[in-house]
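Enquirer: One structure is given below, represented as structure tokens, and several questions about it will come after.
Coordinate-derived values only; no laboratory data. Since the structure is predicted, the reported quantities are computational estimates derived from the model, not experimental observations. Please note: Cβ atoms are built from the backbone with ideal geometry, for glycine as well, and neighbour counts cover all protein chains shown.
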Amino acid sequence: MNIMEKNPQKNKMRILHTADLHLREHEDERWKTLESLIQTAKEKKVDIFAVSGDLFDKGVDAEKLRPRIRQVLSHNPFKIVIIAGNHDRKSFQKGLDFGKNVEVMTGLQSPVEWEGIKIWGMPFEPLQGEELLRKLRAWGRKLSPECANILLFHGELLDVFFTHKDFGDEEEERYMPVKLSYFDGLPLDYVLGGHFHSNFDIRRLSNRGYFVYSGSPVSITQRELGQRKVNLFELGKPPTEFLLDTPHFEKVEIEFDPFREKSPLKTVEERLRSLHSKAKVILEISGFINGEAIGLTETQLREEIEKRVQEKCVGIPQFKFRDIRMILEEDLFRHFEKRLEKEGLEEKEKKQMRDIAIQAMMKAKE
């Protein structure tokens, strides 16, 4: 039985799934990202807004922000469901108010029922292995295949190769690790995951349901590269990545080539101009320049680049390029270049051969 057959009366239900905002301060970029997500949910006319853990970075942040977050989460035309993650696991004590029409799910005891579906919450606990598997199996006996079942989960999926950088600034330990096989035999349509920051990622369950990480909707660390996303989907259809206009880091690597470009400065400007307006750039520039041809020394070029990128870059750009004007003027290299042109090689092959020759000649001068 598919989801449409289970829920014919509500087969257009829309869900926005996100996680790992790690809120710290009112009105900072993470807070504004939450406001942006709420606005997106309104524009897309979603029915459910799901947060799969780590809404707050720490318990003290939740205490500080709770009065304000009620204003953001209340009086929206959709239901909001939240579970705790490993960062905010003690922030959702019974009786605390996070807003009207907000459901904080503190365990697997009972679901939130909404328009023919059941939404279950599995907040983070320090569980592993057999203990975790037994808990899932015991809970599975409560599930009915006659309705759509959605699980909010915060932890690690071991079937996918992750490194700890994919989870933000976590220590070297396991956080409620599961395998896809743990869900075998359970009538689950979606497992909406949190804890994995880096990318949007989908896996199929054995019953043809979906396990999906949305990734963080704003870059929390410089390891989370690229435009951020949420999972915005229609019940009964695959999870779908939705691009956000939120702050994020981009690593930009530029390699100067004196044989292909006349203006290294223009190359840098064009590359940065092509990026998203909210991208924060981690810049690394390598390769070679002909200082005489461009009329700039290494120092002058670095200074000119720094002027142009200072508003866009985070940290100090890595400058690894070198001026090879002396080598380019040598008779030996000019002879090599003439022979290279006669070989009729592809540009990629020419570049490889030039790089080898330049490196060899630089080594010989040491």
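Enquirer: Taking one equal scatterer on every alpha-carbon of the range 1-127, how large is log10 of I(q)/I(0) by Debye at q = 0.14 1/Å?
Expert: These q points yield log10 I(q)/I(0) values of -0.61.
Enquirer: Listed here are the pairs K90/K118; K12/K312; K42/K278; K42/K266; K312/K338; which of them are more than 31 Å apart at the Cα?
Expert: Violating the 31 Å limit, Cα to Cα: K12/K312; K42/K266; K312/K338.
Enquirer: Now for a separate question. Could you name the aspartates and glutamates in cross-link range of K179, using Cα to Cα under 13 Å and dropping any fewer than eight places away on the same chain?
Expert: E130, E156, D159
Enquirer: Can you list which of the chymotrypsin sites (Phe, Trp or Tyr not before Pro) found in the range 220-291 are DSSP loop residues with at most 14 other C-beta atoms within 10 Å?
Expert: Taking the range 220-291 and a limit of 14 other Cβ atoms within 10 Å, the loop chymotrypsin sites (Phe, Trp or Tyr not before Pro) found are F259.
Enquirer: Kindly identify the range 83-239 as rounded, prolate or oblate by the Cα gyration tensor criterion: order the square roots of the eigenvalues as a ≥ b ≥ c, call it rounded if a/c is under 1.5, otherwise compare a/b with b/c, prolate if a/b is larger, else oblate.
Expert: rounded
Enquirer: Return the Cα extents of the range 178-265 along principal axes one, two and three, sorted largest first, each rounded to a whole Å.
Expert: Answer, in whole Å and largest first: 62, 25, 23 Å.
Enquirer: Which of rounded, prolate or oblate describes the range 248-365 when judged by the alpha-carbon gyration tensor and an a/c cut-off of 1.5?
Expert: Since a/c reaches 1.5 and a/b is larger than b/c, the shape of the range 248-365 is classed as prolate.
Enquirer: Looking at the chain as a GNM with Cα springs under 10 Å, which of D355, D97, D54 has the largest mean-square fluctuation?
Expert: D355
Enquirer: Also, I was wondering about something else. Can you tell which of T299, T267, T221 shows the greatest fluctuation in a Gaussian network model of the chain with Cα springs below 10 Å?
Expert: Maximum fluctuation in the GNM of the chain, among the listed residues, is at T299.
Enquirer: How much net charge surrounds Y210 when only other residues with a Cβ under 10 Å from its Cβ are counted (Lys, Arg +1; Asp, Glu -1)?
Expert: Summing Lys and Arg as +1 and Asp and Glu as -1 gives +3.
Enquirer: How do S286, S274 line up, fewest other C-beta atoms within 10 Å first?
Expert: In increasing order of surrounding Cβ atoms, one gets S274, S286.
Enquirer: From the Cα gyration tensor of the chain, with a ≥ b ≥ c the square roots of its eigenvalues, which class applies: rounded if a/c is under 1.5, or else prolate if a/b is larger than b/c, or else oblate?
Expert: Note, shape of the chain comes out prolate.
Enquirer: Among the GluC sites (Glu not before Pro) in the range 14-110, which ones are in a DSSP loop with at most 14 other Cβ atoms within 10 Å of the Cβ? Mind listing them?
Expert: E25, E27
Enquirer: Can you list which of the trypsin sites (Lys or Arg not before Pro) found in the range 186-272 are DSSP loop residues with at most 15 other C-beta atoms within 10 Å?
Expert: The qualifying sites are R208, R260, K262.
Enquirer: Which entries of K320/K348; K79/K280; K100/K229; K229/K320; K58/K237 have Cα-Cα distances beyond 30 Å here?
Expert: With Cα atoms farther than 30 Å apart: K79/K280; K229/K320; K58/K237.
Enquirer: Which percent, to the nearest 5, of DSSP beta bridges fully inside the chain are antiparallel?
Expert: 25
Enquirer: Something else about it: Taking the chain as a Gaussian network, Cα atoms linked when under 10 Å apart, which of K64, K348, K90 shows the biggest mean-square fluctuation?
Expert: K348
Enquirer: Give the aspartates and glutamates whose C-alpha is closer than 14 Å to that of K350, dropping any in the same chain fewer than 8 places away, or say none.
Expert: D257, E337, E341
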